[in-house]
1. Going by C-beta contacts inside 10 Å, put 107, 387 in order with the fewest on the left.
2. Is the shape of segment 56-115 best called rounded, prolate or oblate, per the rule: a/c under 1.5 gives rounded, else a/b larger than b/c gives prolate, else oblate, with a ≥ b ≥ c the square roots of the Cα gyration tensor eigenvalues?
3. Between helix 7-17 and the chain, what is the angle of the helix's C-alpha long axis to the longest principal axis, kept within 0 to 90° and rounded to the nearest 10?
4. Take every Cα pair under 8 Å in the chain that's 6+ residues apart, average their separations, divide by the length, and report that relative contact order as a whole percent.
5. Quick one, which of (i) 23.8, 75; (ii) 44.0, 160; (iii) 21.7, 67 is the actual Rg and Dmax of the Cα atoms in Å calculated for this model?
6. As a test of the formula, what do you get for the chain when each DSSP H run with n ≥ 4 contributes -39,500 (n - 2.57) and the sum is divided by the residue count, at 222 nm and rounded to the nearest 500 deg cm²/dmol?
7. What distance in nm separates the simple spin-label points at residue 243 and residue 390, each placed 7 Å from Cα in the Cβ direction?
8. What is the distance, in nm, between label points placed 7 Å from the Cα along the Cα-to-Cβ direction at residue 62 and at residue 433?
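All of the numbers you see were taken from the coordinates with simple rules; none came from a lab. Here the structure is a predicted model, which is why all the values come from computation and not from measurement. Neighbour counts are summed over all protein chains in view; Cβ atoms, including those assigned to glycine, are modelled from backbone coordinates with ideal geometry.
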């Protein structure tokens, strides 16, 4: 999940493409499992493209499910994607002249014209991910799902596992779900890991080597408890509570933040020979998240309404709200249209700021943590789209989906000088196209 050789940035783009999930843990759906003698195969091709030649993503996905025996099942999901384009590197735009930056490898430079938002045009990555879930019936009313997943990118890898227990009650009208999961991730950045708050140095020049690390790791544990309730013959509701804790290296090794004087102008005083007026960002080494999720599904005479709400909060100061609405409108012959509306709002992290004062020229100490990563800022995302699906033969279906997304950013966060005369984080528009084909084999 990465863009611009940054797992976290690609993760941001991929999260934009996802719908609100039931919880931090992914639980295999029990509603449309394949039979014992056949595979249910879903193949999708997703294309994501941002405006102004920003990020583009092409992602094929194959999901396969098969019943084993009378009650067990296996689910296999394979994803491979390719990301290219340009993405903000964390530096402020400035009117004082051309800005120069070092590429992630540290061996070459790129520039941004005055007044333009600094973008890193080397933003690219490829990922292959696979997950396997095995659902085992423990009794007529209970089951457990064991999950394993692996993700490999050019400079990032992740391995994880999960266990989810489900118990049905009340004549199968109520279901309790409890899940736990863990993952271990490893960063091995291009050119090795940059020291947090170390100055960006032109590596193409002869200079004293800057201290760098090699790889670094983080671990994440997740816990989820949920309740699904059939209200009546037409209505179902789901409630989930999730908790997640991450520890280790949570900084983006490629993100930078501008160093400025008291007037907000770039200032590399005291940063060393061949240094640019930027520092590599620094984030806390732990993060605790909490999530509440509600979902309601109501079946009309033929059509289906699907509405969900998700509230997220963490100890970094971020709070978010997500509303997601689908309406499945049935057509003749088994075809259907499905309009989609999604609204997402987020507050900024406590340590989100657009720049830091130069300690040497201003006598001001650096903050404990600082990041100008736009994903940690305050913004609102709206998405609207339409899906069309039609049967193809007896046991297959073709679908296509088109969505338009807009992100509007607010200038919230510590800002020095008069840099607010420029657009610090331009709004973002993106187009999402998806083709799908499902069959029983």
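1. Working: 107 12, 387 18.
Final ranking by Cβ density, sparse to dense: 107, 387.
2. Details: a/c = 5.10, a/b = 4.13, b/c = 1.23.
It comes out prolate by the Cα gyration axes.
3. 40
4. Once normalised by length, the contact order is 15 percent.
5. Derived directly from the coordinates: (i).
6. -1000 deg cm²/dmol
7. 5.1
8. Modelled inter-label distance: 2.3 nm.
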